[in-house]
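Scroll down for the structure; my scribbles are underneath it.
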Amino acid sequence: MAVTSLKRNLEWLFLVIFVIGSAWLAWGLYSQWRGIIEGHQLRQNSQITTIGNATRAVFNSQETLLTLLGGQLMVHWRMGQVDAVQTVFENMLEHNRTTVGYALLDEDLDPVVVRWRDDRVQPVTPRDRAAERSVCETARDSGIMVVGGAFRLESMDRWLIPACKAMRDTGGEVTGFVSAALAIDGPDSFFAEQAALGQSNVVQVIRGADLSSMLWATALELPEGYLAQPISRRIYEQAIASAERLSGAPIDTIRATGRPYPYRLETALGPQVGMAMYDDRYDLWVLTQTNRRELLADFFLSAWIYVAIYLVVLTSVLALLFAIGRAERRRRADLVYQAHHDMLTGLPNRQSAIADFERMRHRYGDEFALMFIDMDNFKAVNDGFGHMQGDAVLRLLGARLNEFAREEERVARVGGDEFVLLTPETDPERLVARGCKLADRLAARYVVDDVGFELGCSIGIARPGDAGPSLNDLLRAADVAMYSAKRDQHSARLYEPTMGRVYLENIQIEQRLRKAVDDGAIHMVYQPQVDPEGRILGVEALARWDDPELGEVGPSRFIAIAETSGLIGRLGDHILECCLADARRIANQRTTPLRWSLNISVRQFLQPDFAERVIERMSEIDRSTIEPVLEITENLFAEDYGSLASGVGKLHRAGIRIALDDFGTGFSSLAMLRDLTIDELKIDKSFIDDLEAHESARKLVQSILAIGRNQGMRVVAEGVETRRQFEILREDGCEVFQGFLFSSAMTMESLIDALTRGLPGRD
Ligand code: C2E
Ligand code: MG
Ligand code: MG
């Protein structure tokens, strides 16, 4: 989502830069083009002005010359001095290099004297004559020098233009003509100086009357026969129309002002941009035009710099944006990685476990399983060796887990020392086997900086079919199974729905128990312990809880829950106080001693100063009538055997007896007997139950009784329910009995009653 919005932003940014860049480029190219056009126009303008002025100057000087000479020549001629005329012409030809021939004509246009620069020239050709005649005819009606169209003088191999001026007497009558032939090509032509602008630029001088060309100045070759024929009228009109359009002035104005006017033209050579200027005196158009392609070439020559800059900038921006996009994508990928991985072990984290779970669910439906892995004593590594070592162990652990997982399986770290593995395996046996294998792998020794660590590992396994569809269901179920595994010292356990029920009940019990402890709702009942004659020797205090919501909850259950939930301290204290209060009550009424047995829970016993506190509380009781006994179960010692010896010793010395409850069911009964000062053994009910049916049970019971005798300990048979059991026990030498056969647990009032009157049914 975020990545696409970044991409969109970058795309927008690029678009904006692209649009601005393109606008800049377009503007740059346009002004470049305008600059070229305007620059060229400026140059054309000055060029055409120069050429126009030069042309006019040339004709003006010719005219002045002809006018001045004409009068003198006419005088010579009238006086019959033809030779003088010849001499003048020769001098003129000598000094005026652009004129190749002069002629003096009479009023009927017949030649009087003709003088050519080159003697070999045979000047009189029908064409020359025709040209000369038409020019002079025009000059007859005009006060100024008339210039004719260009013609070619083959014998000289040159292009010439005729100029003619009529001579008049004082009355204005034409008396004769002086004409000159001006060379317009080759050496000494009077246009020779005119340079063209660039390769395709053409400068032309055209006669307005017949559109015949007089001059073509260009860097190109002069087109074949160019001077021989007038330019096309169509082209001429096109040019005029364009000049009118561009300037907004009509042709008459254009002609009259004599200023240069721009025009555009389409010719066989391509599109032309030109400028025209009209000379009213000699009826001449001076034109300059350049092929637009040449300007375009100029334009492209400079435009590529703009385009190059544009492309460089655009590619740089594009590259930059790509780089930003890539860096951002990488950064986001890192973030996504970080968001989905545990930085310490590099394993996927809880977040990924959720995603993996969804994928598994999508792919396998209910046919997969989750393993919840809990390291048993990892906290000890952290506490004992510091977090650095702890982290190193976790990294090794993560690597082992990762290595263990198959391709289709997914692992994740979901807590400090908690991991999950999702697997498509569903077969219960294979699942448990795989869980055990994993537990073995993870429980193998870890070595960090030459220090070895051995961690236990418990694994709970749950399948959606048993646990429920959501990940939470699976995790909770696997957690339940994991606790069950831990409790029963298995390394892996598959969740079964009954476990879940118990788990939920336990949660409920825990909540209610908290309230019950606060309210003092737990009360005590007492089960008598009797001698073979049924006389009460003592009682065992048993806790009872009748919850308004849950009903009666057995002590085995709520004591165990109190132990795991941390409630046992307060509950134990409450029970102790109740028992002491009841004991005080009883003590006052008795004359003979009564054993007063209390059950002490595992955790209670491990509380600091437990022994001291009990001794202190018990000191308030009259020991001549109440003999306190603490019943502790054997598996208590299995947990923290060593640390108990001193507490037990202290209690014993203070006159408080210690009984081993449920004797025979634990693992280290005999070792405990050796090391601890035990006063009483309570044969576990399970042996009593089997007494009648199994000889082996009886043998065991006999052994326990023998131990008791040998060690000087009292032996109590628990859970005696039948007469036959009682008889067997008696035969074997048991002297104290507890069980339903004699009495179940009773209230304080019933107990007081029983103590005074004896147990019902016995006297
Ligand atoms: P326990 O200390 O071994 O107590 C004897 C249990 O056997 C009692 O069960 C008693 O009611 C039962 N019992 C006695 N005679 C017979 C019999 O003939 N037949 C049968 N079926 N049962 C018999 P209860 O009261 O349910 O207590 C269960 C266990 O809960 C006790 O086992 C003891 O470990 C624990 N417990 C009970 N009260 C307390 C307490 O105040 N504090 C602690 N820490 N644990 C207690
Ligand atoms: Mg007991
Ligand atoms: Mg017992």
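The values are calculated or read from the model by the stated rules, or taken from the named source; none is laboratory data. These numbers come from a predicted model, not from an experiment. Glycine also receives a Cβ, built like all others from the backbone with ideal geometry; neighbour counts cover every protein chain displayed. Accessible surface is based on the protein model in full, side chains and every heavy atom, while ligands, DNA and RNA are left aside. Shrake-Rupley method; radii C 1.70, N 1.55, O 1.52, S 1.80 Å.
Quick notes on this structure:
- Among the conditions (1) open to solvent by 10 Å² or more (accessible area, probe 1.4 Å); (2) at pLDDT below 85, PHE637 misses just one, which is (1).
- Given (1) more than 15 Å from ligand 1 (Cβ to nearest atom); (2) among the β-branched types (Val, Ile, Thr); (3) in contact (Cβ under 8 Å) with a residue 60 or more places away in the chain, index of the condition THR677 fails: (3)
- When the range 535-545 is filtered for residues that are farther than 17 Å from GLU510 by Cβ and either away from ligand 1 (no atom under 13 Å from the Cβ) or surrounded by 21 or more Cβ atoms within 10 Å (Cβ to Cβ) (or both), the ones remaining, listed by number, are ARG535, ILE536, LEU537, GLY538, VAL539, GLU540, ALA541.
- Residues satisfying the stated conditions in the range 682-726, i.e. among the acidic types (Asp, Glu) and either within 16 Å of ligand 3 (Cβ to nearest atom) or crowded, with 16+ Cβ neighbours inside 10 Å (or both): ASP684, ASP689, ASP690, GLU718, GLU721
- The range 730-744, residues that are in contact with a strand residue (DSSP E or B) (Cβ under 8 Å, 6 or more places away or on another chain) and open to solvent by less than 30 Å² (accessible area, probe 1.4 Å): CYS734, VAL736, PHE737, GLN738, GLY739, PHE742, SER743
- Check on VAL716, at pLDDT 95 or above and within 16 Å of ligand 1 (Cβ to nearest atom): yes
- From GLU749, GLU718, residue being within 16 Å of ligand 2 (Cβ to nearest atom) and not aromatic (Phe, Trp, Tyr): GLU718
- Residue selected from the range 615-633 under the condition within 16 Å of ligand 1 (Cβ to nearest atom) and over 18 Å from LEU676 (Cα atoms), by the criterion surrounded by the most Cβ atoms within 10 Å (Cβ to Cβ): MET618
- Where a residue in the range 300-316 is part of a helix (DSSP H, G or I) and its partner, wherever it lies, is modelled with pLDDT of 85 or more and not hydrophobic (A, V, I, L, M, F, W, C), with Cβ under 6 Å and at least six apart: SER302/GLN32; ALA303/GLN32; TYR306/GLY28; TYR310/GLY21; LEU314/GLY21
- Screening the range 550-660 for helices (runs of 4 or more DSSP H) wholly inside it with 1 or more residues that are farther than 30 Å from ARG757 by Cβ and within 16 Å of ligand 3 (Cβ to nearest atom) returns the ranges 555-565, 602-606, 634-653.
- All positions within the range 227-243 that are of a type in the set (Ser, Thr, Tyr) and outside any loop (DSSP other than H, G, I, E, B): TYR236, SER242
- The range 356-370 residues that are of a type in the set (Gly, Ala, Ser), paired with ones that are in a helix (DSSP H, G or I) (beta carbon under 6 Å, 6 or more apart): ALA369/LEU431
- If the condition is being outside any strand (DSSP E or B), in contact (Cβ under 8 Å) with a residue 40 or more places away in the chain and out of contact with any Asp or Glu (no Cβ under 7 Å at 6 or more places or on another chain), then the range 416-442 contributes GLU425, PRO428, VAL432, GLY435, CYS436, LEU438, ALA439, ASP440, ARG441, LEU442.
- The set of residues in the range 204-237 that are aromatic (Phe, Trp, Tyr) and either farther than 20 Å from LEU153 by Cβ or at pLDDT 85 or above (or both) contains only TYR236.
- Condition met for ALA587 (more than 24 Å from ASN506 (Cβ to Cβ), open to solvent by 40 Å² or more (accessible area, probe 1.4 Å), free of Cβ contacts under 8 Å to residues at least 60 places away in the same chain and away from ligand 1 (no atom under 12 Å from the Cβ)): no
- Of all residues in the range 398-410, those being of a type in the set (Lys, Arg) and either part of a loop (DSSP other than H, G, I, E, B) or surrounded by fewer than 20 Cβ atoms within 10 Å (Cβ to Cβ) (or both) number 2.
Residues checked against (1) assigned to a helix (DSSP H, G or I); (2) within 26 Å of PHE151 (Cβ to Cβ); (3) touching a His at 6+ places or on another chain (Cβ under 6 Å):
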site: ILE17; (1), (2), (3): yes, no, no
site: VAL58; (1), (2), (3): yes, yes, no
site: TRP77; (1), (2), (3): yes, yes, no
site: GLU94; (1), (2), (3): yes, yes, no
site: TYR102; (1), (2), (3): no, yes, no
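- Taken residue by residue, the range 732-743 has no member that is out of contact with any Leu (no Cβ under 7 Å at 6 or more places or on another chain), at pLDDT 90 or above and in a helix (DSSP H, G or I).
- Only one of ARG395, ARG413, ARG445 that is open to solvent by 50 Å² or more (accessible area, probe 1.4 Å) and within 20 Å of PRO348 (Cα to Cα): ARG395
- Matching entry among LEU160, LEU109 (being open to solvent by less than 20 Å² (accessible area, probe 1.4 Å), assigned by TED's automatic domain parsing to the domain that holds VAL58, over 24 Å from ASP279 (Cβ atoms) and not acidic (Asp, Glu)): LEU109
- A Cβ distance below 7 Å, combined with a sequence gap of six or more or placement on separate chains, defines the contacts here; from the range 710-727, residues that are more than 14 Å from LYS685 (Cα to Cα) reach residues that are in a strand (DSSP E or B) and within 16 Å of ligand 2 (Cβ to nearest atom) in the pairs MET713/GLU680; MET713/LEU681; ARG714/GLU680; ARG714/VAL736.
- Residue satisfying condition, being more than 59 Å from the chain's Cα centre (by Cα) and not aromatic (Phe, Trp, Tyr), within set ILE507, ILE568, ILE536, ILE559: ILE536
- Residues located in the range 320-363, provided they are outside any loop (DSSP other than H, G, I, E, B) and of a type in the set (Ser, Thr, Tyr): TYR337, SER352
- If you go through the range 11-69 and pick out every residue that is open to solvent by 80 Å² or more (accessible area, probe 1.4 Å) and in contact with a Lys or Arg (Cβ under 8 Å, 6 or more places away or on another chain), you end up with 1.
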